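**Student:** For reference, the structure I am asking about is given below.
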Amino acid sequence: MRAWPCLSLLLLTLAGPLRAQAPLDLPQDAASAVANAQVEAQTFTAIDMDWQDATRQRAVPVRLYWPARAAAGQGRVPLVVFSHGLGGSRQGYSYLGRYWASQGYASLHVQHVGSDRQLWSGSIFGLIGRLQDAAKESEAVNRVRDVRFALDQLLASPRGAQIDAERIVVAGHSYGATTSLLLAGARPPSAPAALSDPRIKAAIIISAPPFYGQGEPAPILSGISIPTLHITATEDVITVPGYHSEASDRLAVFEATGGPRKLLAVFAGGSHSIFTDRSGTGGVALNPKVKTATRELTAAFLGSVFEGRQDGLRQWPARWQEILARWAGPDH
């Protein structure tokens, strides 16, 4: 089958598996960062669950960041469903899941077994083949179905009664951004129908690749009809054998996306993998700033979409002007 989703740039040097690291989110010294993490951890519980989709005979592991207010039964909470990039896992992007939960959002991180960290296991000589298999259209479709299945499972569980069904968001990085766009309403010519999920009310798109081999992006993305936030960087380049993509492709995805409202933030410098939990990518000084700015921006976007609060979005560019190359949002 045609390999049209992106191979997420997680292994440029083919050096082996990438491991989830403790996030370096704050530009303070190590002791201060640890103290902040300890305070943040008191506001949520992280729960790992190993679900099985019997229809597809496919495992769907998840990690749920469950806010303290939900655990205490203090009303219904919004939900972010997150899809990782190639070679990732439910443990990745913890700096986002932890932060969203600390802000009162449940955050469900779905692991895609056909394109997860197991790709890094086995012989180095077979790695290219494993990457190419993970990029096949069948896996791209299965990733969408993973998210839909995980959402079904959570909403049918006792915790589901505490989820606000009118405030469900999909988010993802790289290959996960492709997954998120499909769930939001993207329609590549070769994709099966009905991949979108009407339960999803907004999307956070981080480092979205092009739809390889599917033609111009506008016919694919113009049908999206929910608010979207796009985040990238000027050095957000994907370089994997057979799948090269310049940073300008992220901008093309943004321009082609339809919907009543879309926003764009482009950080100056950085890299494709700066948005993962890895602390050394995209510049030692820049990396924690980008992570903190990204967390704040996503929270401001969600507050704008679901609560009508615009101040956060209006103030955000000034706060991060030193690392921002482009902003397309309120008052831009």
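The values are calculated or read from the model by the stated rules, or taken from the named source; none is laboratory data. Because the structure is a prediction, the values reported are computed rather than measured. Cβ placement follows ideal geometry from the backbone for every residue including glycine, while neighbour counts extend to all protein chains displayed.
**Student:** Among the numbered criteria (1) more than 18 Å from residue 230 (Cβ to Cβ); (2) out of contact with any Lys or Arg (no Cβ under 7 Å at 6 or more places or on another chain), which one does residue 275 miss?
**Tutor:** It fails just one condition, (1).
**Student:** Same structure, new question: Could you figure out which of (1) assigned to a loop (DSSP other than H, G, I, E, B); (2) in contact with a helix residue (DSSP H, G or I) (Cβ under 7 Å, 6 or more places away or on another chain); (3) at pLDDT 95 or above isn't true of residue 252?
**Tutor:** Every listed condition holds for residue 252 apart from (1).
**Student:** Follow-up. Would you say residue 238 is modelled with pLDDT of 95 or more and within 18 Å of the chain's Cα centre (by Cα)?
**Tutor:** no
**Student:** Considering only region 255-291, how many residues are touching a helix residue (DSSP H, G or I) at 6+ places or on another chain (Cβ under 7 Å) and either aromatic (Phe, Trp, Tyr) or within 19 Å of residue 181 (Cβ to Cβ) (or both)?
**Tutor:** Residues meeting the conditions: 9.
**Student:** Is there a residue in region 297-313 that is within 28 Å of residue 131 (Cβ to Cβ), assigned to a helix (DSSP H, G or I) and of a type outside the set (A, V, I, L, M, F, W, C)?
**Tutor:** Within region 297-313 (the criterion being within 28 Å of residue 131 (Cβ to Cβ), assigned to a helix (DSSP H, G or I) and of a type outside the set (A, V, I, L, M, F, W, C)), the answer is no, since none of the residues qualifies.
**Student:** A further question follows. With respect to the numbered conditions (1) crowded, with 16+ Cβ neighbours inside 10 Å; (2) part of a loop (DSSP other than H, G, I, E, B), which one is the sole condition not fulfilled by residue 316?
**Tutor:** For residue 316, the failing item is (2).
**Student:** Quick one: in region 255-266, of everything that is in a loop (DSSP other than H, G, I, E, B) and of a type outside the set (Val, Ile, Thr), which residue is nearest to residue 240 (Cα to Cα)?
**Tutor:** Only one residue tops the list, namely 258.
**Student:** Does residue 317 meet the test of being over 20 Å from residue 173 (Cβ atoms), more than 19 Å from the chain's Cα centre (by Cα), of a type outside the set (S, T, N, Q) and modelled with pLDDT of 95 or more? Steps first, answer last, please.
**Tutor:** Working: over 20 Å from residue 173 (Cβ atoms): yes; more than 19 Å from the chain's Cα centre (by Cα): yes; of a type outside the set (S, T, N, Q): yes; modelled with pLDDT of 95 or more: yes.
Yes.
**Student:** With the requirement that a residue be surrounded by fewer than 21 Cβ atoms within 10 Å (Cβ to Cβ), outside any helix (DSSP H, G or I) and in contact with an Asp or Glu (Cβ under 8 Å, 6 or more places away or on another chain), what does region 267-290 give you?
**Tutor:** Within region 267-290, just 269 meets the criteria.
**Student:** Looking at region 81-127 only, could you name the residues that are more than 16 Å from residue 140 (Cα to Cα), aliphatic (A, V, I, L, M) and touching a helix residue (DSSP H, G or I) at 6+ places or on another chain (Cβ under 9 Å)?
**Tutor:** 81, 96, 101, 106, 108, 127
**Student:** Name the residues in region 145-172 that are in contact with a strand residue (DSSP E or B) (Cβ under 9 Å, 6 or more places away or on another chain) and hydrophobic (A, V, I, L, M, F, W, C), would you?
**Tutor:** Of everything in region 145-172, those that are in contact with a strand residue (DSSP E or B) (Cβ under 9 Å, 6 or more places away or on another chain) and hydrophobic (A, V, I, L, M, F, W, C) turn out to be 147, 149, 150, 151, 154, 155, 163, 165, 168, 169, 170, 171.
**Student:** Can you spot a residue in region 207-227 that is closer than 21 Å to residue 106 by Cα, crowded, with 24+ Cβ neighbours inside 10 Å and touching a residue at least 60 places away in the same chain (Cβ under 8 Å)?
**Tutor:** no
**Student:** What tally of residues in region 197-247 results from selecting those that are within 20 Å of residue 286 (Cβ to Cβ), assigned to a loop (DSSP other than H, G, I, E, B) and of a type in the set (Gly, Ala, Ser)?
**Tutor:** 2
**Student:** Enumerate the helices (runs of 4 or more DSSP H) found wholly within region 62-135, keeping only those where 1 or more residues are in contact (Cβ under 8 Å) with a residue 12 or more places away in the chain, in contact with a Ser or Thr (Cβ under 7 Å, 6 or more places away or on another chain) and surrounded by fewer than 22 Cβ atoms within 10 Å (Cβ to Cβ).
**Tutor:** 68-71, 94-102
**Student:** Hey, does region 210-228 have a residue that's within 16 Å of the chain's Cα centre (by Cα) and under 14 Å from residue 328 (Cβ atoms)?
**Tutor:** yes
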